[in-house]
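Heads up: the structure comes next, in structure tokens.
Just so it is clear, none of the values below were taken in a lab; they were calculated from the coordinates. What you are looking at is a predicted structure, and each value in this text was computed from that prediction instead of being measured. Reconstructed Cβ throughout: ideal geometry from the backbone, glycine too, with neighbour counts over all protein chains shown.
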Amino acid sequence: MSHADLVFTSGSVITMDPSRTGATALAVTGERISAVGGEEVRELIGPDTQVVDLAGRALLPGFQDAHVHAVFGGLELGTCDLTGTTDPAEYRRRIAEYAAAHPDRPWITGGGWSMESFPGGLPTRQMLDEIVPDRPVLLANRDHHGAWANTRALELAGVTASTADPSDGRVEREADGTPSGMLQEGAVELVGRAAPRPTVDDLVDGLLRAQRLLHSYGITAWQDALLGEYGGHPDVSAAYFTAAGRGLLTARVNGSLWWDRDAGAEQIPRLVELRETLREGRFRADTVKIMQDGIAENHTAAMTAPYKDSCGCATANSGLSFVDPGALRGYVTELDSLDFQVHFHALGDRAVREALDAVEAALEANGPRGNRHHLAHLQVVHPNDVPRFARLGAVANLQPLWAAHEPQMDELTIPFLGDELAAWQYPFGDLHRTGAPLAAGSDWPVSSADPLEGIHVAVNRIVPGGDRPPFLPAQRLDLTTALRAYTAGSAYVNRLDDTGVLRAGHLADLIVLDRDPYSVDPAELASLRVEATYVGGQRVFGAPAQE
């Protein structure tokens, strides 16, 4: 009998495999699982086997994030980081501290501020001018659909009262037309293109910083939702390719190649070329990201009904479809025929419908090709479109942390959607009940990358530690479904079919939790902690106790 290299014993082995429950032990040989079971697994322990006594803790498949911006998040951790607070005074303190600590940096960049911190979600250039008057400042907001600039940044970029809004964005303005300092969507690029670009080494450093954080949350694989230049952000492809080539990429990563919404089908040959060249080690890029709309808070998410104004009256604005819906159907059909997976940003219910229409057109033209197209965010989904996910095989890519009452939802979203659209938000339960395939992600650095926090909200519809009532509680998911979305569901989206379930022959991408999640009160799910993370049987985070 061959002995295993690594054996876990005496714990709760949560396989996410409906055909194998009640396991207490698991063995790993090389980079793959060699046995799942009970006491009989101990027979695989030899003199050189590493044995981990779970001591009642839980062993699960590694979490996978189906929509994350890892390199951007890692870069932000090394710049002016405004995350973790909504206090404008704290923003001012951090910006001043960062500027003083980095006197040689020509631009102050970073981000993570929340729209709820400012009236109407709109900070001003004057606020930044008081802190940094002599250098340009450009700070992305938490959701990365807008940025805050000071006067010097606007001047250097040549953005003035006479600058026209781009077709896919908006420059917020003062009464006389002067840019106020807030840039929405594609308008960020007007200033972002003037800012210095990070070097490849900067990008690699950001990736490795992010990888350490994601592994600490039990994430073993992810889909990076944007490879390409957009909104002042650099193309991060080189970070992955370089890190993988140097043997530094320990996670498994699929990259989503950015669809230039100002171009058309002529860009597809270039995407095919990138798919072939961006393939190294654990990194590949065989997905195309199409951003179909914006976000609800700045009224650029595409809705089937117009937004309300502050008085509750209907406006003339129902959001933006960034890609013409008719053209979208043709693009997706061609991409599908070339076996690209399409990863849609679809937040408003009109954008969701347009994306599903495109998937349906591809299915009718090409037949089922198994490309696992997925729609991310799904803030508002029209009830008529909910059952289409299952029928079309389109994956609902959920960001559960957003499905809760918090100021950005209650102050900047619900009042401007109206009762009907607001009631259709984040319909996770309905999607599950109608058979939609579910995956899950974080959209970090937009929100926390911790899957346990996302699982907490998916199950409770309340933010961890929150004291507000559940948000549309009929749309809760049960714990097994939420766990599956973050494991087998995201593995399906990432086309890592030998991960996501603990089964003999699968890759040993594993995590150890401090407790069995089924033994924890649902209200305490976010208190669970990852104690160790393994990729291919190699520990990449933590140091569990040995027998």
Quiz item: Size of the dipole of the range 362-443 about the Cα centre, Lys and Arg at +1 and Asp and Glu at -1 on the beta carbon, nothing else charged, in debye to 20?
Solution: 620 debye
Quiz item: Rounded to the nearest 0.05, what FRET efficiency is calculated for Ser167 and Asp104 with R0 set to 51 Å and r the Cβ-Cβ distance?
Solution: 0.85
Quiz item: Want the number for Asn384 to Glu280: 0.36 nm per residue separation, take away the alpha-carbon distance, what's left?
Solution: 33.3 nm
Quiz item: Using helices alone, what [θ] at 222 nm do you get for the chain, with -39,500 (n - 2.57) per DSSP H run of 4 or more residues, divided over all residues and rounded to the nearest 500?
Solution: -7500 deg cm²/dmol
Quiz item: According to a simple spin-label model (label point 7 Å from Cα along Cα-to-Cβ), what is the distance in nm between Asp235 and Tyr518?
Solution: 4.8 nm
Self-check item: Cα-based shape type of the range 217-294, given that a ≥ b ≥ c are square roots of the gyration tensor eigenvalues and the cut on a/c is 1.5
Solution: prolate
Exercise. Assign one of three labels to the range 291-341, namely rounded, prolate or oblate, based on the Cα gyration tensor with a ≥ b ≥ c the square roots of its eigenvalues; rounded applies when a/c is under 1.5, prolate when it is not and a/b is larger than b/c, and oblate otherwise.
Key: prolate
Self-check item: Rounded FRET efficiency, nearest 0.05, which uses the C-beta distance separating Arg93 from Ala55 and R0 of 45 Å
Solution: 0.55
Quiz prompt | Label-point separation in nm, Asp309 to Asp339, each point 7 Å along Cα→Cβ | solution = 5.4 nm
Quiz item: Which value, in debye to the nearest 20, describes the size of the charge dipole of the range 223-371 about its Cα centre when Lys and Arg Cβ atoms bear +1, Asp and Glu Cβ atoms bear -1, and nothing else is charged?
Solution: 500 debye
Quiz item: Classify the chain: rounded, prolate or oblate, from the alpha-carbon gyration tensor (a ≥ b ≥ c, eigenvalue square roots; a/c under 1.5 rounded; otherwise prolate if a/b is larger than b/c)?
Solution: prolate
Quiz item: Roughly how big is the chain's charge dipole about its Cα centre, with Cβ charges of +1 (Lys, Arg) and -1 (Asp, Glu), in debye to the nearest 20?
Solution: 660 debye
Quiz item: Counting only DSSP beta bridges with both residues in the chain, what percent are antiparallel, rounded to the nearest 5?
Solution: 50 percent
